[in-house]
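The values are calculated or read from the model by the stated rules, or taken from the named source; none is laboratory data. No experiment lies behind these values; they were computed from the predicted model shown. Note that each Cβ is placed from the backbone with ideal geometry, even for glycine, and that neighbours are counted across all protein chains shown. For the accessible areas, the whole protein counts, side chains as well, though only heavy atoms, and no ligand, DNA or RNA atoms are used. Shrake-Rupley method; radii C 1.70, N 1.55, O 1.52, S 1.80 Å.
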Amino acid sequence: MDSKYQPQQIEGKLYEEWEKKGLFEAKINKDKKPFSIILPPPNANASLHLGHAMYAIEDVMARYHKLLGDEVLWLPGADHAGIETQYVFEKFLRKQDKSRFDFDRQTLFKMIWDFVQENRGTMENQLRKLGFALDWKRKKFTMDEDIVAQVYDTFKKLFDSGLLYRDYRLVNYCTRCGTSFSDLEVVYIERKDPLYYMKYGPFTIATVRPETKFRDTALAVNPKDKRYKKWIGKTIEIPGLLGPIKMTIISDPEVDPKFGTGIMKVTPAHDPHDFELGKKYDLPVTPIITTEGRMDFSWYLSQKNISEKYRARAEKYHHLKVAKAREIMVADLRQDGLLIKIDENYTHRIGTCYRDGSVIEPLPLEQWFIKVKPLVADVKKLLKDKKVKIHPKRFEKRLVDILDNFIDWNVSRQIVWGIRIPAYKCKKKSKVKSQKSKVDEKWFVSIDKPEKCLICGDCKFEQDPDTFDTWFSSSQWPFATLLTQKENKFFNYFYPTTVMETGYDILRAWVARMLMIGYFSTGKTPFEHVFLHGLVRDSKGQKMSKSKGNVVNPMDMVTKYGADALRLSLIFGVGEGNDLPFSEQKVVGMRNFCNKIWNMGRFIYMNRNQKSKVKSQKPKVLDDLKKEFEAEKKNYFKAMNSFKFSQALGDSYEFIWHRLADFYIEQLKDVIINGNIEALEALENVYLENLKMLHPFAPFVTEAVWKTFNGEESSILLEKLTG
RNA sequence: GGACUCGUAGCUCAACGGCUAGAGCAUUUGAUUUACAUUCAAAGGGUUGGGGGUUCGAAUCCCUCCGAGUCCACCA
């Protein structure tokens, strides 16, 4: 044995051997208790960041349960990460002076597919370098054919159950990404924008969006507002930039008389609040901004009998970007004497795209929505019946809160990189003309490509060009990955999975949805336990981000200090579910701990090999050692079985280093060197037992030492850990 | 505006109603022809954010105030 533990020379070889010997492979074994975890699938296209290294907690569980003798499945996978990946790919295209609009759908998809395949191996090998006991033979990709079939199946079931509907409503649209987002993907920021006070017939209104006023469909006041009471219900003519418009004054208690002038313009097509008002009072939805973020005045220009002045204006505005149009219109308003004043100090919050930071436009679009209410009710029952338990407990409250406030889920995305929605629109014109007819009546869903229209039977139906929100496929991950394994019974044996372990930041986006869709599809909870870990931050507690330049590459840490050291540093001394500030110092400390483990082994091993046959008295201190070790073991199992891994590790650390090494070995050093076999054996037993207990946390160093003691062919993973 | 988390040694955090509030790093002093200098022994460093309450006993439970952060909702 070397005088120092050198992980770089050992880790790669050990992992290869584990994988080759199939030690991570799961089988159906009726005599054993199944224990399963599905790895939250990292983005197939990207490298791992430190947050991914937190999956070490899952490895701790997987290896611990292997040692307990359970049948363990830890299933790896990769996510196609729709928007993320398409965004990265478009950046890559831009470098070559191209854009996605230069390619047709099939070509673009194929290009991204190849791009992802090229990069996919990186992430997988990084997971190996971290020592994760993943069953690679069962790995899945969200775009695998069989997974897609599963996703289609779920979509059809939702459709058939009436939980899916198509609706024309305001969605969060990023005109730069060219797609809508769910509400979870909108980031609100505080911003200063001019608030324009405009003359509006007999009134003054305040708005930050004068460019949308052409499509206002009403004015709204508070019913109790004395200033405007006499106007309610009246329709008046108001001079505007493009000539007079007719406007009806409605009243709604939601209008705040104290804001601005107490009278608001209602633009159902471009403001979520106004859209709701529009629905309530049956106002038409009349868009004026396109999905490209440009003004659309074609509705105006197609009219006859407009004066040359107004036509010229409309033509000037037409097709301008929103910001530019606003600028010009404000100038025109001023010219017409319609602008009263500008409040330059108005701050408000606006939605921006989480991906590229551009302003989100609320646009009316037809999209697929999942009715979440019934699903939420089922999940709440699961929680109440303790079919699924949340650790640490405080997150259960948050989950319930999330469920109570879940709004219908928009699953349509207008990007190419994703799973195409298997919905088709009947093109036959319906004979009955009814404005109130629901938009989804003309749609059908089919898992296989349909040969004829399932509604009318003979039209040239069209497939929805949209793809699914990435979370829609992810929400099915626990059961989809198991149902698509070769053995039929694999699913029955391992489902519901035992634990879902992930960061608390995706409790809403992922965990809640997995529970909803998982229960809907299988009638069971997808996992019995949810364990949530915190976020890795930098040493000052700041979020790591590329723009801040404080990102630590986990692989650098592995190269420098070994995978065990990195893993230990992410678990040691961290309260369950708490964020942890990452410091290289701590990794160094854990590297030292690994070295300590190694050298304790070295000391015992050296003396074992030169055992002399001197028989002497059994040292008294051995009784204390036994007692102390029994107590440690008890604590260890208690902590491990209640998801308190940090505590289990902390206790072991304390015992191994400061009791076993600093106290007992020091006490027994002389008698051992003099050949006291009893003392040596007692130490060896306790040490090797501790090696097993520590193996889930530090798999490499423990395995390396184990092999020294028990031969190259042995593996600590084949040992039993008993309480 | 709503919810949650946190405030403990210089720094980062443990301690989850019960021994003298602990660890890592940092600081100071000393040891070692050594299993390990990636070591060991020891020292300094604390009114547990302030105040009040419950209790035989509170960092821990309750109330209140102050401060920091996160998530959610978002009125033109």
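Between A:K384 and A:E84, residue separation times 0.36 nm minus the direct Cα-Cα distance comes to 104.5 nm.
For segment A:678-723, trypsin sites (Lys or Arg not before Pro) are listed when DSSP marks them as loop and at most 12 other Cβ atoms sit within 10 Å of their Cβ; the list is A:K720.
Rounded, prolate or oblate for segment A:509-626? Axes are the square roots of the Cα gyration tensor eigenvalues, ordered a ≥ b ≥ c, and the cut-off for rounded is a/c under 1.5.
Working: a/c = 3.21, a/b = 1.70, b/c = 1.88.
The shape class here is oblate.
A full extension of the chain between A:H319 and A:Q617 corresponds to an added length of 97.6 nm, given 0.36 nm per residue minus the alpha carbon distance.
Which of A:K129/A:K489; A:K4/A:K644; A:K157/A:K373 have a Cα-Cα distance over 27 Å?
Working: A:K129/A:K489 31 Å; A:K4/A:K644 31 Å; A:K157/A:K373 16 Å.
Pairs exceeding the cut-off: A:K129/A:K489; A:K4/A:K644.
Net charge dipole, segment A:117-258: roughly 580 debye, given to the nearest 20, about the Cα centre with Cβ charges of +1 for Lys and Arg and -1 for Asp and Glu. Of the residues A:S521, A:S475, A:L580, the one whose Cα sits farthest toward the positive end of the charge dipole of segment A:474-607, with +1 on the Cβ of Lys and Arg and -1 on the Cβ of Asp and Glu, is A:L580. Near the amide H of A:I390, within less than 5 Å, lie the amide hydrogens of A:V530, all on another chain or at least 5 residues away, with H placed in the peptide plane. Protection proxy ranking for A:201-207, A:27-33, A:364-370, using the average of other Cβ atoms within 10 Å per residue and placing the highest first: A:364-370, A:201-207, A:27-33. Full extension of the chain between A:E254 and A:R608 gives 119.2 nm of extra length, using 0.36 nm per residue less the Cα-Cα distance.
DSSP loop (so not H, G, I, E, B), at most 14 other Cβ within 10 Å: list which trypsin sites (Lys or Arg not before Pro) in segment A:291-335 pass both filters.
Numbers: sites: A:R294, A:K304, A:K309, A:R311, A:R313, A:K316, A:K321, A:K324, A:R326, A:R334; in loops: A:K304.
Answer by residue number: A:K304.
Taking 45 Å as R0, compute the FRET efficiency from the Cβ-Cβ separation of A:S302 and A:Y346 and round it to 0.05.
Working: r = 35 Å, r/R0 = 0.78.
E(calc), rounded to 0.05, equals 0.80.
Using the Karplus relation 6.51 cos²θ - 1.76 cosθ + 1.60 with θ = phi - 60°, the per-residue 3J(HN,Hα) values for segment A:14-31 come to 5, 4, 4, 5, 4, 5, 5, 6, x, 6, 9, 7, 9, 10, 7, 9, 5, 7 Hz, with x marking Gly and Pro. The modelled label-to-label distance for the pair A:S642/A:K20, using points 7 Å beyond Cα in the direction of Cβ, is 4.4 nm. Projecting the Cα atoms of A:S47, A:I83, A:W18 onto the dipole axis of segment A:1-151, where Lys and Arg carry +1 and Asp and Glu carry -1 at the beta carbon, places A:W18 farthest toward the positive end. Phi angles across segment A:75-92 convert, under the Karplus curve 6.51 cos²θ - 1.76 cosθ + 1.60 with θ = phi - 60°, into 3J(HN,Hα) values of 9, x, x, 9, 10, 6, 6, x, 5, 3, 5, 4, 5, 4, 5, 5, 5, 5 Hz, Gly and Pro given as x. Accessible surface for chain A, divided over its residues, is 47 Å² per residue with a 1.4 Å probe.
In whole percent, how big is the carbon plus sulfur part of the accessible area of segment A:330-418, probe 1.4 Å, protein atoms only? Within segment A:330-418, the accessible surface is 49 percent carbon and sulfur. Comparing A:N410, A:H319, A:S569 along the charge dipole axis of chain A, the residue lying farthest to the positive side is A:H319, per the Cβ-charge model. Here the accessible area is traced with a 1.4 Å probe on the protein chains. For segment A:574-712, carbon and sulfur cover 47 percent of it.
Between the helical axis of A:584-609 and the longest alpha-carbon principal axis of chain A there is an angle of about 20 degrees.
For chain A, averaging the sequence separation of C-alpha pairs within contact (under 8 Å, six or more residues apart) and dividing by the residue count gives a relative contact order of 17 percent. Beta bridges per DSSP, both residues in chain A: antiparallel share near 70 percent.
Relative to the first principal axis of the alpha-carbon coordinates of chain A, what is the inclination of helix A:56-67, with its axis defined by its Cα atoms, in degrees from 0 to 90 and to the nearest 10? Result, in degrees: 40.
Segment A:235-319: which chymotrypsin sites (Phe, Trp or Tyr not before Pro) are DSSP loop and have at most 11 other beta-carbon atoms within 10 angstrom?
Working: sites: A:F259, A:F275, A:Y281, A:F297, A:W299, A:Y300, A:Y310, A:Y317; in loops: A:F259, A:F297.
Passing sites in segment A:235-319 are A:F259.
Pop out the ³J(HN,Hα) list for segment A:377-394 in order, Karplus 6.51 cos²θ - 1.76 cosθ + 1.60 with θ = phi - 60°, rounded to Hz; leave Gly and Pro as x. Karplus values, whole Hz, x for Gly and Pro: 4, 4, 5, 5, 5, 4, 5, 5, 7, 6, 6, 9, 10, 9, 10, x, 4, 4.
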